[in-house]
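This report refers to the structure that appears directly beneath it.
The values are calculated or read from the model by the stated rules, or taken from the named source; none is laboratory data. Given the structure is predicted, the values throughout are model-derived calculations rather than measurements. Every residue, glycine as well, gets a Cβ built from its backbone with ideal geometry; the counts of neighbours run over all protein chains shown. When the accessible area is computed, the model is the full protein with side chains, heavy atoms only, and any ligands, DNA or RNA have been set aside. Shrake-Rupley method; radii C 1.70, N 1.55, O 1.52, S 1.80 Å.
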Amino acid sequence: MNKRQRKKQAYKQYIRAIFEGYENMLEDSSIAELQFSYLKETTYLERDDQGKIHFTTKEK
């Protein structure tokens with residue numbers, strides 16, 4: 001498998017993990033924050049005071 005295909009596969013897994021984490025947060029309200037990393041960016045799923053889920057992506 002070449003480098004481009006590995007990066008593409010890793011990115012797909014990153015996106016899949018974010019959505020699975022989001023679903024878990026919807027089902028379980030006790031989860032306050034989740035964090036996912038891919039290359040030079042990190043995505044945070046956080047709950048606010050009202051229990052709403054927010055996505056934040058930051059570059060490292």
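Computed quantities for the displayed model
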{"read-out": "Near pairs, Cβ below 7 angstrom, 6+ apart or cross-chain, from the stretch 1-15 (modelled with pLDDT of 95 or more) to any residue that is among the hydrophobic types (A, V, I, L, M, F, W, C) and open to solvent by less than 80 Å² (accessible area, probe 1.4 Å)", "value": "TYR14/PHE36"}
{"read-out": "Within the stretch 39-60, tally of residues that are open to solvent by less than 100 Å² (accessible area, probe 1.4 Å) and of a type in the set (Asp, Glu)", "value": "3"}
{"read-out": "Pair list, Cβ < 9 Å and 6+ apart or interchain, from the stretch 36-49 residues that are β-branched (Val, Ile, Thr) to residues that are in a loop (DSSP other than H, G, I, E, B)", "value": "THR42/LYS60"}
